[in-house]
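I have placed the structure first, in the form of structure tokens, so that the comments after it can refer back to it.
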Amino acid sequence: MIFAYSTSALQTSVEQSAQEEKAMAILKVIEVLAQSETSWEDAAQLAVSKAAKSLHNVRSVYIKEMEAKVENNRISEYRINAKISFEMD
């Protein structure tokens, strides 16, 4: 029995499998709390920056809740509850 195959067809099949693996990303979501004396946007950036120190491939942040601490009739802290998604290795 003789098997004939085209190396270009085989290579194309391998390349397609690799592309399908890349397209099939697995994401994980964590919930974090962060606070800032400046703004809610700063609190969100702090949450993402801190998470990125130990997580790879951070993809998005969803701000679930915003809250502010008030002292002497002024906002003293901006707080967020956020969901951060990242791609699994």
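The values are calculated or read from the model by the stated rules, or taken from the named source; none is laboratory data. Owing to the predicted nature of the structure, the values given are computational and were not obtained by experimental measurement. Quick reminder, even Gly has a Cβ in these numbers, built from the backbone with ideal geometry, and neighbours come from all protein chains shown.
Restricting attention to the range 1-44 and to residues that are farther than 11 Å from Arg79 by Cα and within 13 Å of the chain's Cα centre (by Cα), the residue that is modelled with the lowest pLDDT turns out to be Ala25. Of all residues in the range 74-86, those satisfying the criterion of being exposed (fewer than 15 other Cβ atoms within 10 Å of the Cβ) and of a type outside the set (A, V, I, L, M, F, W, C) are Arg74, Ser76, Glu77, Lys83. Across the range 18-73, the qualifying residues are those that are of a type in the set (A, V, I, L, M, F, W, C) and part of a loop (DSSP other than H, G, I, E, B), and the one among them that is surrounded by the most Cβ atoms within 10 Å (Cβ to Cβ) is Leu55. The combined condition, being part of a helix (DSSP H, G or I) and of a type outside the set (Lys, Arg), is not fulfilled by Ser76.
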